1. Which of (1) in contact with a Lys or Arg (Cβ under 8 Å, 6 or more places away or on another chain); (2) exposed (fewer than 13 other Cβ atoms within 10 Å of the Cβ) does residue 176 not meet, given it meets every other one?
2. Would you please name the residue that is nearest to residue 216 (Cα to Cα), looking only at residues in region 79-123 that are in contact with a Leu (Cβ under 9 Å, 6 or more places away or on another chain) and of a type in the set (Lys, Arg)?
3. Restricting attention to region 209-233, report how many residues are surrounded by fewer than 17 Cβ atoms within 10 Å (Cβ to Cβ), under 19 Å from the mean Cα position of the chain (by Cα) and modelled with pLDDT of 90 or more.
4. Give 142, 106 a once-over and let me know the one that is part of a loop (DSSP other than H, G, I, E, B), within 20 Å of the chain's Cα centre (by Cα) and touching a residue at least 24 places away in the same chain (Cβ under 8 Å).
5. Restricting to region 67-81, give me the number of residues that are among the β-branched types (Val, Ile, Thr) and in contact with a strand residue (DSSP E or B) (Cβ under 6 Å, 6 or more places away or on another chain).
6. Can you tell me which of 113, 133 is modelled with pLDDT of 95 or more and more than 23 Å from residue 4 (Cα to Cα)?
7. Restricting attention to region 148-194, which residues are touching a Leu at 6+ places or on another chain (Cβ under 7 Å), assigned to a helix (DSSP H, G or I), under 23 Å from residue 67 (Cβ atoms) and not charged (D, E, K, R)?
8. Tell me whether region 58-65 contains one or more residues that are crowded, with 22+ Cβ neighbours inside 10 Å and at pLDDT below 95.
Amino acid sequence: MLVLAIDTAYKAGGAALASDENGRPEILGEVMLNTTTTHSRRLLSIIEFLLEKAERKKEELNGIAVTLGPGYFTGLRIGLATAQGIALGLDLPCCGVSCLRLVASPARPFAKTIWAVTDARRQLVYAAPFSVTEKGLERLEPDAAMSPESLAERIDAPALLIGDGARAYASDFLKPGVELAPDWMDLPRPGLLALLGLKRLARGEQVSAAELSPRYVRPSDAEIRFGLPLDEYRLL
């Protein structure tokens, strides 16, 4: 199986290819971006570059993994639109992954309880806790948007915090038994997304391109500005 992964939920993002055709999952290629410009300007060229370097054609793809959020609204829409366009054109199954699940992935070998925390802007963070089990990461709570102060009250030791939001508000969170992951783990890797998508698609955990939808978690600035109903959001 050959899987393309797309992650444009934050300023840092990118794309990757993963395959299990040699009997084990492996990343064939990965390109990461950390840019202040829109991902739409470079995303398609990155995907073409990955396929060319792996000596594959887009028609050989068997599925697409894409981050659904929470994250930056424009970035999420760019990634989802790109994934949907490719999937519809090639009739491919898709796998949507929580950004916080992806952020937590590198910390799995280092702790029993992991809090993935990313910057949601407007002095808020996106956060979710995960427990490390023999089968992998097990979600303990849904993704949520909250103030750093609210999150600090919810974190029990021992725990490992990971993500740019954890680092930005570290003084609010750190206490005995609560540690911060190294900064090199903060940027979510599209290669890990590709491996996760490969695993899920192999288990039949898939949706159609039309079924993909973003998970914003917090209201957009426009919704706040115009006073639209916020009942569907999990804002703590």
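1. Unmet for residue 176, out of (1) in contact with a Lys or Arg (Cβ under 8 Å, 6 or more places away or on another chain); (2) exposed (fewer than 13 other Cβ atoms within 10 Å of the Cβ): (1).
2. Filtering first and then ranking leaves 101.
3. Result for region 209-233: 2.
4. Values: 106 fails: part of a loop (DSSP other than H, G, I, E, B).
Answer to the check: 142.
5. Residues meeting the conditions: 1.
6. Working: 133 fails: modelled with pLDDT of 95 or more.
Criteria check complete, one pass: 113.
7. Keep residues of region 148-194 that are touching a Leu at 6+ places or on another chain (Cβ under 7 Å), which gives 150, 161, 166-167, 170, 173-174, 178-181, 188, 192-194.
When the remaining residues are screened for being assigned to a helix (DSSP H, G or I), the result is 150, 166-167, 170, 173, 192-194.
Filter once more, keeping what is under 23 Å from residue 67 (Cβ atoms): 166-167, 192-194.
Hits for region 148-194 are 166, 192, 193, 194.
8. No, region 58-65 contains no residue that is crowded, with 22+ Cβ neighbours inside 10 Å and at pLDDT below 95.
The values are calculated or read from the model by the stated rules, or taken from the named source; none is laboratory data. Because the structure is predicted, anything quoted here is derived from the model rather than measured. Backbone-built Cβ (ideal geometry, glycine too); neighbour counts: all protein chains shown.
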